[in-house]
Amino acid sequence: MDFIGQYPVKLDVKNRAFLPAGFRRQMIEASRQVLAQDNAVKNQDQFSLVIRKDYFEDCLVIYTMQAWSEEVAKVRSRLNRFDGNQQMLFRKMISEAQIVQLDPSGRILFPKALLDRVGIDRDAIFVGMQQTIEVWSQEKAMGGQTDTFMSDDAFTKGIQKCMAE
């Protein structure tokens, strides 16, 4: 999947927000393709998502089940189960993730503990990050944090430098 773009949303009093229509369409289409290829996939799992706090930033990351499985497999393949510190890394990664369902209206119910952890109250912004979707507090996203969201000038200079190397 190629999630792209930024979409401001408002969480309701139950901490639900509508998944932006473009993202929702991509998930539905991908789910249909998986169902067509593998009849063993249960219908109720087609709109399951995984949410966890980002590894580096104060935002949430939404994974499709496929993207989450790939992420877990990648990390697990590099860790030794018989090394206590590496097992703790894996435990933290897995235990802080939560499975959520996209409801029939296209809303996600965000766990309150995760929202509190990253400072999201009512106003949020969904940011497509190709295989995942980040969910930011609008205040943080629009507040000019130069270490998280670049200005247009900084982006232009950075992309020029990156592509010139």
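The values are calculated or read from the model by the stated rules, or taken from the named source; none is laboratory data. Small disclaimer: the values here were computed from a predicted structure and weren't measured. All Cβ positions, even for glycine, are placed from backbone atoms using ideal geometry, and neighbour counts span all protein chains on display. Remember, those area values only see protein heavy atoms, side chains included, never the ligands or the DNA or RNA. Shrake-Rupley method; radii C 1.70, N 1.55, O 1.52, S 1.80 Å.
Numbers at a glance
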| quantity | calculated |
| --- | --- |
| Label point distance in nm, residue 130-residue 112, each placed 7 Å from Cα along Cα→Cβ | 3.7 |
| Computed accessible area, residue 64, all protein chains, 1.4 angstrom probe, square angstrom | 20 |
| Additional length obtainable on full extension of the chain from residue 81 to residue 13, 0.36 nm per residue less Cα span | 20.3 nm |
| Cα-based Kirkwood hydrodynamic radius, the chain, one decimal, Å | 17.4 |
| Relative contact order (%) - criterion: Cα under 8 Å, at least six apart; region: region 60-165 | 26 |
| FRET efficiency estimate (nearest 0.05) - Cβ-Cβ, residue 121 to residue 92, R0 25 angstrom | 0.50 |
| Value of relative contact order over region 55-122, rounded to a whole percent, pairs C-alpha under 8 Å and six or more apart | 35 |
| Per residue, in Å², the accessible surface of the chain once ligands and nucleic acids are set aside, probe 1.4 Å | 64 |
| Value of Rg/Rh across region 67-165 [Cα atoms, Kirkwood radius] | 1.05 |
